[in-house]
Each structure stands twice: as C-alpha cells, then as structure tokens.
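Colleague: First the structure, which I've put down as structure tokens, then a few questions once you've had a look.
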Amino acid sequence: MVIKLRFSKYSSFLAVLAGLLFTANFALADVDFVQVPSEVMKREVPASVTMPRNYASTKTRLPVVYLLHGAGDDERGWGLNTPVQEMADKYGVIIVTPSVGLSWYFDSPVDSSSQFETFVSKELVKYVDSHYRSLPKREGRALAGLSMGGHGAMFLGLRHKDIFSAAVPISGGVDVCGSHPLVGPFSERWGIKQYLGPIEMYPERWRELSVINQVDRLKSGELAISIDCGTGDFFIEVNRQLHAKLTEKGISHEYVEFPGGHSWEYWRLALPRQMEFLNHHFQNLAATQKLGKSK
C-alpha cells in the first residue's frame, strides 16, 4: 500500500523549525571541534567530539562510539540532524565523528592524501585516547555510520577487530560493486573510483575491498554487528545480501528493516535504537570482564 502525504505551508514551517532546533541544540552541546594531526596524510583532519554533559564531573573512563558520516557530509552532520548529545548523555559515551570527504574510509592506492583506514583505526583512536578520558581498549570502542559511513563502520570493524569490538552499519553501502535500477552501478557513484581507480581496470581490488567479501575473514563472536536499513533505501538489497551471508556463515548479528528511505528522517530514528544496541554491548562486555576478574 502506498500512502501519499500532502504537506501544507504550516507543516513545511514546522520542518524548518525542527531543523533550526537541532542546529541550536548542537551549538549548545558539549562538543569539541578539533583538528587531528595525521602523519600518514601530512595534514590535519577536522573531527567533532561529543561528550556527556557530566563529563567534567565523572571520574570514570568512557566507551567511545566512532560515528561515521556519509558521502557529501562532514563532522557536523550527525550532530546537526540527530540527537547525538542526547545519546552521549543517556548512555555515558563519547561520540566522535571525523570529516573524511568522499574517501569511503579506504586507504586509497590512488591518492596518498586519502588514507582514512589508517587515520580512523590508528591515528584518530590514538588522539582520542590521549586527549579524552576514554576507555583505551577494543572493548570500549565501537563503530557506527550511515551510507558511506555504514560501509566504513563494517569495513573498519572487519579489518581491525583488535581495535574495535562492534560495528553498526545504518543504510550502509556494504557492497561497492553493487547496483540499483534507479541509481545504476555503485562503482560510478559517489566518487568511489576516484579513490580505488576504475573497476574495469582493478576488479580484484574492488571485490577485495567490498564489505560483503570482507565477511569471509570473520568468525562468529569476533565482532558485535547490528545492521539497520530502510525498506525503501537503494542499499536495501545489498544489506539483505550481507544479512544472508552472515546467516549462512553462522555469524551472530542483529538485522532490522523499517519503512523509510535514504534520509535523515530514517537515520534520526535509527540512531537511538542502534545506540541502545551498543549500550547493551558495552554493558555485557563490562559485566563479562568483572566476572573474569572475580575468579
């Protein structure tokens, strides 16, 4: 069933007002906008670091969620469009978003100035652990992201299980070799070939670096995974394929679909439910560790 909605001038005004309120809230949030030095890229990379409002008064070390942005966005997008501060407050976590351009979180073999696999998994983690009261071990680090960032969350999680303990792709482009009838081949979109070279010239490189093929290196229990995608999203089929492959391999994970497309309306609702997943993940690991220490 298709439901058509008519939007009045009044409802459009409310949508604009809601956007302004999100922006105002982010401006007043406990956020550091930092420039993170990258030795591998010989430059500084902007990032946002959102802390719980009680960060200054608490003495404990906090888990960190590396919340990755999508294509065409930057380090401010998540905070301006979703309740990032509310999530940091509710769950007592630090939330970090680096600005990576259209890199797709690859170490580009084509562009030496775009080495974001190394940057996020090593340089950014090192910076956060040395500048903030973070929990400096894999059990205290998780990845989440939308679209390109959903790809990044799974890609980095699969390749750096010693650094991160969980990966949450939301509307993720988890197969860069895929396609959609309305979008066309993903290899021709979003600047991916700028960083990997044309797929016609480097087909093995593209296949190797696609998340759905990276799953072959994963064993059940090595990484906590939760996949979230809208039924009207152009990435829905590749997410279903990833879910099917994980299921076939017997790899424990969570998978949900809800009505919605590739939009902030969907991601604004997805972030709280996936932060709840990550909160349970962090709590379970903490309980397990305490149990181990008591023996």
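The values are calculated or read from the model by the stated rules, or taken from the named source; none is laboratory data. Keep in mind it's a predicted model, so treat the numbers as computed, not measured. Positions of Cβ are generated from backbone atoms using ideal geometry, with glycine treated the same way; all protein chains shown enter the neighbour counts.
Colleague: So residue 257 passes all but one of these: (1) in a helix (DSSP H, G or I); (2) touching a Cys at 6+ places or on another chain (Cβ under 8 Å); (3) more than 27 Å from residue 139 (Cβ to Cβ). Which condition number does it fail?
Modeller: The single condition residue 257 does not satisfy is (1).
Colleague: If you take the residues of region 230-273 that are of a type in the set (A, V, I, L, M) and crowded, with 19+ Cβ neighbours inside 10 Å, which of them is nearest to the chain's Cα centre (by Cα)? Please lay out each step first, then the result.
Modeller: Start the filter on region 230-273 by keeping residues that are of a type in the set (A, V, I, L, M), which leaves 236, 238, 242, 244, 246, 251, 256, 269-271.
Narrowing the set further to residues that are crowded, with 19+ Cβ neighbours inside 10 Å leaves 238, 242, 246, 270-271.
Numbers: 238: 17, 242: 16, 246: 19, 270: 12, 271: 10 Å.
In this case the residue turns out to be 271.
Colleague: If you take the residues of region 84-103 that are of a type in the set (Ser, Thr, Tyr) and in a loop (DSSP other than H, G, I, E, B), which of them is farthest from the chain's Cα centre (by Cα)?
Modeller: Going through the qualifying residues, I end up with 103.
Colleague: Here is a check on your reading of the model: is residue 262 of a type outside the set (A, V, I, L, M), in a loop (DSSP other than H, G, I, E, B) and either modelled with pLDDT of 95 or more or out of contact with any Lys or Arg (no Cβ under 9 Å at 6 or more places or on another chain) (or both)? Spell out how you get there, then give the answer.
Modeller: On the way: of a type outside the set (A, V, I, L, M): yes; in a loop (DSSP other than H, G, I, E, B): yes; either modelled with pLDDT of 95 or more or out of contact with any Lys or Arg (no Cβ under 9 Å at 6 or more places or on another chain) (or both): yes.
Answer is yes for this residue.
Colleague: If the Cβ limit is 6 Å and pairs must be 6+ apart or interchain, which residue in region 151-180 that is on the phi > 0 side of the Ramachandran plot pairs with which residue that is part of a loop (DSSP other than H, G, I, E, B) and of a type in the set (D, E, K, R)?
Modeller: Once the first residue is on the phi > 0 side of the Ramachandran plot and sits in region 151-180, its partners that are part of a loop (DSSP other than H, G, I, E, B) and of a type in the set (D, E, K, R) give 171/233.
Colleague: Another one. Whether any residue in region 274-291 is under 17 Å from the mean Cα position of the chain (by Cα), more than 20 Å from residue 164 (Cβ to Cβ) and modelled with pLDDT of 95 or more is what I want to check.
Modeller: no
Colleague: Of the conditions (1) at negative phi; (2) touching a residue at least 24 places away in the same chain (Cβ under 8 Å), residue 248 satisfies every one except a single condition; which number is it?
Modeller: (2)
Colleague: Return only the number of the condition from (1) assigned to a helix (DSSP H, G or I); (2) crowded, with 24+ Cβ neighbours inside 10 Å that residue 139 does not satisfy.
Modeller: Going through the list (1) assigned to a helix (DSSP H, G or I); (2) crowded, with 24+ Cβ neighbours inside 10 Å, residue 139 breaks only (2).
Colleague: Now for a separate question. Out of the residues in region 100-118 that are crowded, with 19+ Cβ neighbours inside 10 Å and of a type in the set (Ser, Thr, Tyr), state the one that is farthest from residue 273 (Cα to Cα).
Modeller: Among them, the one singled out is 114.
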